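The values are calculated or read from the model by the stated rules, or taken from the named source; none is laboratory data. Note that the structure is predicted; figures quoted are calculated from it, not measured. No Cβ is skipped: glycine too gets one built from the backbone with ideal geometry, and neighbour counts run over all protein chains shown.
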Amino acid sequence: NAGVMQNPRHLVRRRGQEARLRCSPMKGHSHVYWYRQLPEEGLKFMVYLQKENIIDESGMPKERFSAEFPKEGPSILRIQQVVRGDSAAYFCASSPDQGGKTQYFGPGTRLLVL
Amino acid sequence: SQQGEEDPQALSIQEGENATMNCSYKTSINNLQWYRQNSGRGLVHLILIRSNEREKHSGRLRVTLDTSKKSSSLLITASRAADTASYFCATVNRTGTASKLTFGTGTRLQVTL
């Protein structure tokens with residue numbers, strides 16, 4: 001049973017470009033969470049999705065950021081017109097339900113904006 | 001201070017010694033979890049303690065929870081060099097619809113030979 005998969009592992013973008021980060025949850029998991037980690041800091045919640053629904057996006061910046069979790073395929077975190085401040089590690093986690101149980105984290109995507 | 005703030009920020013000990021890390025939080029919680037992160041890697045779940053539990057053990061790990069003080073501690077006994085990592089506590093709030101984790105800033109543990 002493969003763990004949470006994220007790709008790419010490293011992504012370099014120039015200012016103004018778009019970044020697309022993918023997350024495939026563990027098999028059987030229908031809940032996906034995205035977190036952002038700035039250097040030397042803890043993880044900050046961004047968005048929580050179930051299949052085809054955004055449940056909580058209270059941690060997501062209002063502009064340029066969007067997330068989806070389609071019926072088929074991975075969850076996508078999309079950042080438009082990236083700026084240097086978007087440089088961070090973005091982690092995806094999945095869980096089988098919403099009951100506050102363990103979230104399983106992927107290896108993360110490290111985004112560098114030049 | 002932020003929800004889930006760890007103390008100390010950094011800790012350096014020798015192999016074989018015990019390491020204790022503390023975490024404080026602000027809101028009412030459903031549970032509290034501890035995670036480990038090796039440098040440049042993802043997070044690994046260590047242990048979950050529910051709000052109605054006071055102490056929990058897992059191998060060399062011992063976690064306590066004091067809801068009256070809104071604090072938790074993680075004890076690693078007989079530390080090894082492989083325990084070198086950052087350790088984060090994370091809370092799941094009692095209110096709200098989502099089981100999102102609120103992380104602290106972490107304790108960076110260095111275990112030397």
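Picking from residues in the range A:45-75 that are more than 12 Å from the chain's Cα centre (by Cα) and over 19 Å from B:K100 (Cα atoms), the one that is farthest from the other protein chains (Cβ to nearest Cβ) is A:E72. Scanning the range A:76-94 for residues that are more than 10 Å from A:V4 (Cβ to Cβ) and of a type in the set (G, A, S), we see that the one that is farthest from the other protein chains (Cβ to nearest Cβ) is A:G85.
Of all residues in the range B:25-40, exactly one satisfies the criterion of being surrounded by fewer than 20 Cβ atoms within 10 Å (Cβ to Cβ), among the hydroxyl-bearing types (S, T, Y) and in contact with a Lys or Arg (Cβ under 6 Å, 6 or more places away or on another chain), namely B:S28. Count of the range B:47-63 residues, restricted to those that are under 17 Å from B:T27 (Cα atoms) and of a type in the set (V, I, T), is 1. Restricting A:R36, A:R22 to residues that are among the basic types (K, R), in a strand (DSSP E or B) and surrounded by 18 or more Cβ atoms within 10 Å (Cβ to Cβ) narrows the list to A:R36. When the range B:62-113 is filtered for residues that are of a type in the set (G, A, S) and part of a helix (DSSP H, G or I), the ones remaining, listed by number, are B:A81, B:A82. Only one of the numbered conditions (1) crowded, with 19+ Cβ neighbours inside 10 Å; (2) in a strand (DSSP E or B) is violated by A:S66, and that is (1).
Number of residues in the range B:64-95 that are without any contact (Cβ under 8 Å) to a residue 60 or more places away in the chain, within 14 Å of another protein chain (Cβ to nearest Cβ) and within 10 Å of the chain's Cα centre (by Cα): the value is 1. Residue count for the range A:39-54 under the criterion of being surrounded by fewer than 21 Cβ atoms within 10 Å (Cβ to Cβ) and outside any strand (DSSP E or B): the result is 5. Listed by position, the strands (runs of 3 or more DSSP E) enclosed by the range B:1-61 that each have at least 1 residues that are in contact (Cβ under 8 Å) with a residue 40 or more places away in the chain and of a type in the set (S, T, N, Q) are B:10-14, B:19-24, B:29-37.
Picking from residues in the range B:83-96 that are modelled with pLDDT under 95 and out of contact with any Gly (no Cβ under 7 Å at 6 or more places or on another chain), the one that is surrounded by the most Cβ atoms within 10 Å (Cβ to Cβ) is B:N93.
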